[in-house]
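For reference, the structure is listed below as structure tokens.
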């Protein structure tokens with residue numbers, strides 16, 4: 001009887017661990033996001049953004065065609081000349097809000113002769129409510145989002161270098177864009193994005209990767225990060241990991257409690273990475 005009870009307790013503890021670590025046991029992509037939206041601690045880690053209205057100096061919302069016969073939205077900040085590179089920015093689970101638009105415009109100012117496009121993966125939906133954000137992220141159609149990214153590549157043409165960047169969910173999509181863009185992508189920056197586990201997809205990435213990590217992240221395990229580094233290295237890709245003793249979402253533009261010191265340091269590293277890899 002004691003052995004049976006011990007086995008039952010072990011099984012229950014394993015189930016509990018699996019539930020708390022969705023990235024360890026599921027396939028990459030939408031499944032991971034759907035599981036996370038059910039976790040209260042994940043919602044608690046993403047405080048609702050404070051009300052904010054951004055008046056852009058030169059950015060504007062645009063529409064472009066997608067391969068599925070539809071259209072997509074993006075916030076475009078252009079250099080006004082033939083750009084040396086294009087940056088694709090991927091939003092958090094809130095959607096393409098004014099915080100992300102401000103971040104996109106700041107990137108364009110700081111990098112200079114680049115065009116920056118903050119892509120709208122939610123087709124116009126934006127929220128400041130965690131429950132609604134969970135529904136949007138959990139219900140994100142992977143094929144539709146991929147077509148939004150593919151359409152953006154079609155829009156800019158094949159003769160310009162591309163860099164990608166995003167936070168949390170957007171960090172994962174920064175890497176997916178690097179997969180979809182292949183040789184055209186020369187820089188991929190991920191802020192604590194969920195690691196891709198499909199080794200064949202990883203092989204399609206052309207650029208090296210800059211991974212900004214939150215060392216106290218309770219949603220992305222060190223094991224998963226280590227495996228991601230290993231898989232990229234085996235595929236002949238270089239990955240640089242810069243870790244901070246902070247919690248998940250510490251540098252999210254929409255986070256009211258973001259760590260300014262760490263976020264500004266990480267941003268400097270990302271900017272220098274883009275300048276080097278994109279020849280700016």
- So how many residues does the range 226-254 have that are part of a loop (DSSP other than H, G, I, E, B) and touching a helix residue (DSSP H, G or I) at 6+ places or on another chain (Cβ under 9 Å)? 12
- Residue in the range 71-86 that is surrounded by fewer than 14 Cβ atoms within 10 Å (Cβ to Cβ), modelled with pLDDT of 95 or more and in contact with a helix residue (DSSP H, G or I) (Cβ under 9 Å, 6 or more places away or on another chain) present: yes
- Item | Residue in the range 111-122 that is under 27 Å from residue 41 (Cα atoms), in contact (Cβ under 8 Å) with a residue 60 or more places away in the chain and assigned to a helix (DSSP H, G or I) present | no
- Query: Looking at the range 138-218, what helices (runs of 4 or more DSSP H) fall wholly within it and have at least 1 residues that are crowded, with 21+ Cβ neighbours inside 10 Å and within 13 Å of the chain's Cα centre (by Cα)?
  - Reply: 142-156, 169-181
- Query: So, in the range 49-59, of the ones that are in contact with a strand residue (DSSP E or B) (Cβ under 8 Å, 6 or more places away or on another chain) and within 26 Å of residue 132 (Cβ to Cβ), which residue ends up modelled with the lowest pLDDT?
  - Reply: 56
- Message: Given the options 175, 194, 153, name the one that is at pLDDT 95 or above and under 25 Å from residue 42 (Cβ atoms).
- Response: 175
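The values are calculated or read from the model by the stated rules, or taken from the named source; none is laboratory data. Model, not experiment: these values are computed from the prediction. Cβ atoms come from the backbone with ideal geometry, glycine included; neighbour counts cover every protein chain shown.
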